[in-house]
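What follows is a single structure, written as structure tokens, with notes after it.
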Amino acid sequence: MTEKAPLKLLCVTAHPDDECFGFGGALMLAAERGIETSVLCFTDGQAATNRGAAADSAELGRMRRAEFAASCSILGVAHHEVLDYQDGQLEFANFSQAAALLVQRIRAYRPQVVLTFGGDGAGNTHADHCMVSFFTTAAFHWAAAAKRFPALGPTHTAQRLFYATSSFFFPGRPSPLPAPWTVTLDVNRVQQRKFEAFRAHTSQLPLMERFQSYFEKRAGTEHYVLVATPLPQPAAQMTDLFEGL
Ligand SMILES: [Zn+2]
């Protein structure tokens, strides 16, 4: 009898703070059940509007790397990594290189569940979020394909790719074109810790204050859509990203 591989979740984001805004509840619920979680963030967020006391972009980047580490620790994330891509410039990044980097990470880490943004770019339609969605989608499929990047290690077929999606729009911002959700996660139980993780992003607190009332109203539920699996199946509503795994 072969032992079942331990359950793992990989979450791919664009900026420090995406991990709590977009995925914090899912990450905490997984960690609570002993599922190993990993967050890979493409940029250090040095193009942010809110800049704290940073003297320059490099300093803001360093601050945000530290804030990201603190937030991941609150969210119970086992592994976290910030890549060196330029904040705000992902649409100009080399697609094949970015996808290859993720193929390598997926083949090495071997997660069953992969989470990222949808192509809508999430609540603020940030092009970096769109690009992370496209890179991760390619990598999810290509990590499983022997013909793609054969030098990057043995293939890995992850079981589920989910995009974060939303049931509401932020006021005063261009509306995204969100995917209909297939997952409703009740994250009320961990909502306070989600705020705590956000507050670890000290440089971004003005953003938190601006949308505080929305967060309080909405942060108890996270929506996702299942977009890829190894087996043909009809879409079904789920309340757990790992249901049946
Ligand atoms: Zn972001």
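One table, with the values for the structure above:
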item	result
Residue match in the range 42-62 (condition: more than 22 Å from Thr239 (Cβ to Cβ) and in contact with a Phe, Trp or Tyr (Cβ under 6 Å, 6 or more places away or on another chain))	yes
Subset of the range 54-76 [assigned to a loop (DSSP other than H, G, I, E, B) and touching a residue at least 60 places away in the same chain (Cβ under 8 Å)]	Ala54, Leu75
Count - residues of the range 19-43 that are of a type in the set (Lys, Arg) and either at positive phi or within 16 Å of the ligand (Cβ to nearest atom) (or both)	0
Pairs where the first residue, in the range 18-30, is under 16 Å from Tyr214 (Cα atoms) and the second is among the polar types (S, T, N, Q) and within 15 Å of the ligand (Cβ to nearest atom), C-beta under 6 Å, 6+ apart	Cys20/Ser71
Filter result (open to solvent by 20 Å² or more (accessible area, probe 1.4 Å) and polar (S, T, N, Q)) within the range 190-218	Gln191, Gln192, Thr202, Gln212, Ser213
Check on Pro16, out of contact with any Ser or Thr (no Cβ under 9 Å at 6 or more places or on another chain) and either part of a loop (DSSP other than H, G, I, E, B) or within 9 Å of the ligand (Cβ to nearest atom) (or both)	no
Candidate set from the range 85-132 (those that are closer than 23 Å to Thr229 by Cβ and of a type in the set (Phe, Trp, Tyr)); member that is nearest to the chain's Cα centre (by Cα)	Phe117
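The values are calculated or read from the model by the stated rules, or taken from the named source; none is laboratory data. This structure is a prediction, so every number in the text was calculated from the model and none was measured. Reconstructed Cβ throughout: ideal geometry from the backbone, glycine too, with neighbour counts over all protein chains shown. To get the accessible areas, we keep the full protein, side chains included, count just its heavy atoms, and leave off ligands, DNA and RNA. Shrake-Rupley method; radii C 1.70, N 1.55, O 1.52, S 1.80 Å.
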